[in-house]
């Protein structure tokens, strides 16, 4: 490479590096122009110092402030900052930190800094008289020295409500880490702004119910240097001072209440969180609910706000509004068949009926003979007509809508041969005419013989007696 070309290359490289280092970062790259405020579990002490854990429950956004001339919009430098925001039903709470800025001591005439948070109350993109803000200056001679509520007075002008005779201000305190003239250090501002104050809706928020979305912007000024910066920033408007009344550069800040989760159950089980009960959660909290069935019951499904949302267990509820979650339990699926035993001759039949309890309708059926399913036997009853003598066993499988399966008791069927028919013999029980029975004749003959014998003996005896004489 020639010497001239090398020098040109080096010069171009250095210029690229120089421009890269000094070019101000674009405020459009900042994350979180639209902010969801977090729920304030505790109100911090408004003392201008961020204590450990004090803002741990806040939404946190990092931002940049392009400090530009209030006269011609020329760029001076970029400051880094962090915004903390949370709310309850009484206050919207802010903490703002601005890093590595030169400090102008408040005891030097007109050497002061100012911070304001400005609101487009109804977030309609148009500034109207009475839109609110909160502001502070660090110069003791300023009417905003300690803190003061602001309101949009029209004509591109934000005024102090103190000047309008309204004094129900919010709380605002500030501090600097290096309070020496022209020293480099970090600013911290803390403020608690009432959602509803006694000064009336023209000078105070009139937020009586949540959720509520309001427009917001931060404005940091250095009047002694003729500089200011805003966030969110619109680089099409070079002079930042113009953007304090440029509605296009407001971000959206949404304040939420705590949302209620009401847990319910049908008979047959419990849930975690336990039921029944109502629990409160910040916006967008994900609650994992688990259903546990009692003995002889089974979990069936969840109902979120009366809508069946399925069988996932646990079930995740996103708390984006008030919700009611119900765990529905059913008795365990059970089936029995009857008769449990029967016997009959081959050629006969038996009809089995089923009784199903529990589970989730509709049910499907399959009858079994032995261990084999019976083709086409898929209704709640089945008629069995055996074709051969033997002992048979019958049972039923039932499947419910959720796919649960229950098996019935097993019925026994004994099939026998019919008795053989009897022919050629009969016994009559009808009366017939009397006839001399054989025994009658035999008895008569025997009696007649005995009479003859006796007569003979008498005759013989008489003869013997005659001869003896």
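Where a number appears in this text, it was derived from the coordinates with a stated rule and is not lab data. Small disclaimer: the values here were computed from a predicted structure and weren't measured. Ideal geometry is used to build each Cβ from the backbone, glycine not excepted, and the neighbour counts take in all protein chains shown.
See the values below:
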{"item": "Compactness index (Cα Rg / 2.2 N^0.38 Å), the stretch 209-360", "result": "2.07"}
{"item": "Volume per residue that the Cα convex hull of the stretch 146-256 spans, once the total is divided by residue count, Å³", "result": "138 Å³"}
{"item": "Percentage relative contact order, the stretch 334-416, counting C-alpha pairs under 8 Å, at least six apart", "result": "41 percent"}
{"item": "For the stretch 259-331, alpha-carbon Rg and Dmax in angstrom", "result": "11.5, 38"}
{"item": "For the stretch 29-255, convex hull volume per residue from C-alpha positions, Å³", "result": "114 Å³"}
{"item": "Pairwise label distance in nanometres, residue 294 with residue 70, each label 7 Å out on the Cα-Cβ vector", "result": "7.3 nm"}
{"item": "Zone residues, the stretch 366-394, relative to residue 412, backbone N less than 18 Å from point 7 Å out along Cα-to-Cβ", "result": "369-371, 389-394"}
{"item": "Translational diffusion of the stretch 334-416, µm² s⁻¹ [Kirkwood Rh, Cα pairs; Stokes-Einstein; 10 °C; 1.306 mPa s]", "result": "122 µm²/s"}
{"item": "Distance-filtered residues of the stretch 80-97 - backbone nitrogen under 17 Å, label point 7 angstrom along residue 285 Cα→Cβ", "result": "86-90"}
{"item": "Cβ-Cβ FRET estimate between residue 224 and residue 49, R0 fixed at 30 Å, reported to 0.05", "result": "0.75"}
{"item": "Stretchable slack from residue 178 to residue 313, in nm (0.36 nm times residue separation minus alpha-carbon distance)", "result": "43.0 nm"}
{"item": "Equivalent-ellipsoid semi-axes of the stretch 76-201, from the Cα gyration tensor, Å, largest first", "result": "26, 17, 14"}
